[in-house]
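Since the structure comes first, as structure tokens, the remarks are kept for the end.
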Ligand code: C2E
Ligand code: MG
Ligand code: MG
């Protein structure tokens with residue numbers, strides 16, 4: 001422990017030999033002997049050196065001082081001069097290089113050894129002092145920034161993080177959500193079980209919240225029984241935010257073992273959004289807190305409220321609607337309507353599109369525009385879509401058996417549903433179960449969905465085609481497709497989106513786009529159908545452009561099964577119009 005690792009700097013290499021052996025004899029280690037700045041710096045940098053002994057033999061001291069001055073740019077290692085000099089000038093110059101001391105020749109080996117040991121002792125003490133100072137500082141920082149009960153960041157650290165993101169995300173256009181979660185009945189826990197148990201509960205609450213959110217999110221304890229979560233959002237999807245808030249509240253509501261008892265906590269959550277609600281960290285925190293108090297003040301427990309009223313309304317509606325959708329599935333409140341598709345050259349019905357409706361017990365018949373998006377966001381579209389498939393195939397089989405003149409039945413597949421691994425399997429078993437003819441089926445998939453993953457789409461579509469079914473690109477023209485991608489996909493038909501149909505023939509741009517789509521389908525050997533034909537002028541335009549298949553209110557609106565069957569039995573369209 002008392003042996004020092006020493007670097008010797010000399011102005012005369014020959015003089016170093018006796019010093020070196022003296023040091024070794026005294027039990028020290030000579031790391032190296034150098035005579036210039038770069039070697040000296042290199043050695044201090046690359047090896048462990050407790051001190052540098054500068055052996056000055058020559059009359060001119062400036063060389064040695066230059067070496068140590070250079071060293072000082074990089075290191076505070078202890079330096080001791082051995083020298084015959086003692087002038088004021090020497091001391092002044094030496095002082096600049098911040099040595100520990102100097103030993104004047106002639107000195108005894110014992111003096112040198114004593115000096116080395118003292119120096120070693122002093123530097124070690126200094127180092128350990130420095131270390132504990134740093135540790136104390138780190139401790140202080142930790143105490144100020146991390147809560148000692150839950151181990152979570154404190155309000156002050158959350159504040160720092162908020163400030164950081166505010167600065168960063170203004171540049172990068174990022175979105176964040178801040179949730180403040182307050183326990184409603186924590187005081188009772190403290191009163192009944194004491195503070196130590198209360199602390200355990202707080203720890204557990206912190207854990208439960210942390211388990212719900214992702215690793216990169218910040219979970220903090222703001223004060224007493226109030227926690228916060230700061231999350232970055234990939235997209236500002238309110239459904240996702242709602243479901244995180246719901247999940248946190250649900251986790252916290254689960255029973256907790258406390259001192260042998262089982263207790264139930266309730267909590268309230270307030271939500272503010274960056275940048276929508278504010279771009280200032282303090283304001284965001286206050287907003288979320290006031291939303292939390294709003295949630296607390298309501299009669300129901302375990303609820304969340306957004307700072308912005310409008311968002312709260314939406315959240316409430318979507319929460320209510322989602323549970324209603326689940327109920328609708330269980331109680332079979334859905335119906336399929338059918339809209340005829342017409343061949344305008346032969347003037348006859350060639351097919352139909354199945355369109356879902358929701359017979360809501362209080363709100364009446366709802367169109368897909370009112371619930372499909374929520375069904376997609378909540379994942380409920382998977383069972384709903386499966387119901388549509390089964391119902392449509394079942395109906396098709398009945399019509400087949402009745403010889404209803406129907407060549408095609410189109411079924412819409414949502415993007416979410418198309419991504420479902422079970423889809424193909426489900427379609428196969430539904431076809432098998434219902435006994436419908438797959439050659440009469442057509443699946444409508446939107447352009448944007450197909451674009452998302454080309455190779456995957458191609459593979460799935462091919463399976464559908466192999467089953468004998470047709471594949472229609474729905475809402476065509478809205479998704480920036482290119483010819484090259486169309487060629488790669490085994491599709492059978494393009495369905496021109498209604499947005500291009502509604503303003504033809506007046507709107508020349510739309511007319512040009514429609515002509516291009518028709519030409520494209522012809523070039524690729526695909527069928528083409530126009531949807532949303534409402535006027536005679538539109539019909540004439542498509543007739544002139546040699547687009548044979550159309551669908552629209554001009555011919556028929558979507559109808560329930562009975563009305564559709566009536567329509568289909570009419571052979572002459574003119575008689576119906
Ligand atoms: P879509 O697949 O593009 O269906 C055509 C929509 O245009 C239908 O609306 C239809 O009623 C409407 N339409 C047809 N002709 C005309 C017309 O001449 N004028 C006007 N203004 N509208 C016309 P609907 O039934 O409200 O469906 C809207 C969308 O909801 C559908 O668009 C489709 O994307 C989706 N959808 C409908 N049923 C289902 C379903 O069973 N599953 C899935 N995943 N989506 C469905
Ligand atoms: Mg469709
Ligand atoms: Mg469409």
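The values are calculated or read from the model by the stated rules, or taken from the named source; none is laboratory data. What you see is a predicted model, and the numbers here were worked out from it, not measured in a lab. Note that we place each Cβ from the backbone using ideal geometry, even for glycine, and neighbour counts take in every protein chain shown.
Filter region 494-540 for residues that are closer than 16 Å to residue 446 by Cα, within 12 Å of ligand 3 (Cβ to nearest atom) and touching a strand residue (DSSP E or B) at 6+ places or on another chain (Cβ under 6 Å) and give the result.
Within region 494-540, 494, 495, 496, 497, 498, 529, 530, 531 qualify.
Mind listing whichever residues of region 519-537 are near ligand 1 (Cβ under 9 Å from one of its atoms) and under 20 Å from residue 346 (Cβ atoms)?
Within region 519-537, 531, 533 meet the criteria.
For region 21-38, which positions are modelled with pLDDT of 90 or more, surrounded by 15 or more Cβ atoms within 10 Å (Cβ to Cβ) and not in a loop (DSSP other than H, G, I, E, B)?
Matches in region 21-38: 23, 30, 31, 32, 33, 34.
Looking at this structure, is residue 244 buried (at least 23 other Cβ atoms within 10 Å of the Cβ), touching a strand residue (DSSP E or B) at 6+ places or on another chain (Cβ under 9 Å) and in contact (Cβ under 8 Å) with a residue 24 or more places away in the chain?
Spelling it out, it is not the case that residue 244 is buried (at least 23 other Cβ atoms within 10 Å of the Cβ), touching a strand residue (DSSP E or B) at 6+ places or on another chain (Cβ under 9 Å) and in contact (Cβ under 8 Å) with a residue 24 or more places away in the chain.
Yes/no matrix, rows are residues, columns are (1) under 30 Å from residue 224 (Cα atoms); (2) touching a residue at least 40 places away in the same chain (Cβ under 8 Å):
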| residue | (1), (2) |
| --- | --- |
| 120 | no, yes |
| 124 | no, no |
| 137 | yes, no |
| 143 | yes, no |
| 147 | yes, yes |
| 150 | yes, yes |
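Residue 455 fails exactly one of the following numbered conditions: (1) within 36 Å of the chain's Cα centre (by Cα); (2) within 26 Å of residue 540 (Cα to Cα); (3) surrounded by fewer than 16 Cβ atoms within 10 Å (Cβ to Cβ). What is the number of that condition?
For residue 455, the exception is condition (2).
Conditions (1) under 42 Å from the mean Cα position of the chain (by Cα); (2) away from ligand 2 (no atom under 16 Å from the Cβ); (3) part of a loop (DSSP other than H, G, I, E, B), marked per residue:
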position: 490; (1), (2), (3): yes, yes, yes
position: 512; (1), (2), (3): yes, yes, no
position: 520; (1), (2), (3): yes, yes, no
position: 528; (1), (2), (3): yes, no, no
position: 540; (1), (2), (3): no, yes, no
position: 547; (1), (2), (3): no, yes, yes
position: 554; (1), (2), (3): no, yes, yes
position: 565; (1), (2), (3): no, yes, no
position: 568; (1), (2), (3): no, yes, no
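Of all the strands (runs of 3 or more DSSP E) wholly in region 330-429, which have at least 1 residues that are within 14 Å of ligand 2 (Cβ to nearest atom)?
So the answer is 334-343, 348-360, 408-413.
Answer yes or no: is there a residue in region 438-456 that is at pLDDT 95 or above, part of a helix (DSSP H, G or I), more than 16 Å from ligand 2 (Cβ to nearest atom) and touching a helix residue (DSSP H, G or I) at 6+ places or on another chain (Cβ under 8 Å).
yes
Determine which single condition residue 434 fails, assuming it passes every other condition in (1) more than 16 Å from ligand 2 (Cβ to nearest atom); (2) in contact with a strand residue (DSSP E or B) (Cβ under 8 Å, 6 or more places away or on another chain); (3) within 30 Å of residue 570 (Cβ to Cβ).
Here residue 434 meets the rest and fails (2).
Pairs only if they're at least six apart or on different chains, beta carbon under 6 angstrom, first in region 353-369 and closer than 17 Å to residue 383 by Cβ, second within 14 Å of ligand 2 (Cβ to nearest atom) and in a helix (DSSP H, G or I); list them, first residue then second.
Matching pairs, first to second residue: 354/392; 356/368; 356/388.
Among what's in region 386-415 and is within 16 Å of ligand 3 (Cβ to nearest atom) and either under 19 Å from residue 335 (Cβ atoms) or without any contact (Cβ under 8 Å) to a residue 12 or more places away in the chain (or both), pick the residue that is nearest to the chain's Cα centre (by Cα).
414
For the structure I just gave you, tell me whether residue 221 is in contact (Cβ under 8 Å) with a residue 12 or more places away in the chain and buried (at least 21 other Cβ atoms within 10 Å of the Cβ).
It is true that residue 221 is in contact (Cβ under 8 Å) with a residue 12 or more places away in the chain and buried (at least 21 other Cβ atoms within 10 Å of the Cβ).
Is it the case that residue 226 is touching a helix residue (DSSP H, G or I) at 6+ places or on another chain (Cβ under 7 Å) and modelled with pLDDT of 90 or more?
When the stated conditions are applied, residue 226 does not pass them.
Identify the residue in region 77-101 that is within 17 Å of residue 6 (Cα to Cα) and at pLDDT below 90 and, among all such residues, is nearest to the chain's Cα centre (by Cα).
Taking the candidates together, the pick is 100.
Being surrounded by 16 or more Cβ atoms within 10 Å (Cβ to Cβ) and away from ligand 1 (no atom under 11 Å from the Cβ) is the filter here, so list the residues in region 425-446 that pass it.
Listed by number, the residues that qualify are 426, 427, 430, 431, 434, 436, 438, 440, 441, 442.
Here is a list of conditions, (1) surrounded by 21 or more Cβ atoms within 10 Å (Cβ to Cβ); (2) assigned by TED's automatic domain parsing to the domain that holds residue 543, and residue 330 meets all of them except one; can you say which number that is?
It is condition (1) that residue 330 fails.
What residue, of 404, 365, is in contact with a strand residue (DSSP E or B) (Cβ under 9 Å, 6 or more places away or on another chain) and either at pLDDT 90 or above or in the same structural domain as residue 456 (by TED's automatic domain parsing) (or both)? Even if it seems obvious, please write down each step before you answer.
Working: 404 fails: in contact with a strand residue (DSSP E or B) (Cβ under 9 Å, 6 or more places away or on another chain).
It is 365.
What is the residue count in region 205-217 for residues that are in contact with a strand residue (DSSP E or B) (Cβ under 6 Å, 6 or more places away or on another chain) and either over 14 Å from residue 153 (Cα atoms) or surrounded by 21 or more Cβ atoms within 10 Å (Cβ to Cβ) (or both)?
Final tally of qualifying residues: 2.
Scan region 407-422 residue by residue and report those that are more than 16 Å from ligand 1 (Cβ to nearest atom) and touching a strand residue (DSSP E or B) at 6+ places or on another chain (Cβ under 6 Å).
Listed by number, the list holds a single entry, 407.
Counting only residues that are surrounded by 16 or more Cβ atoms within 10 Å (Cβ to Cβ) and more than 16 Å from residue 327 (Cβ to Cβ), how many does region 369-380 have?
Looking only at that region, the number is 3.
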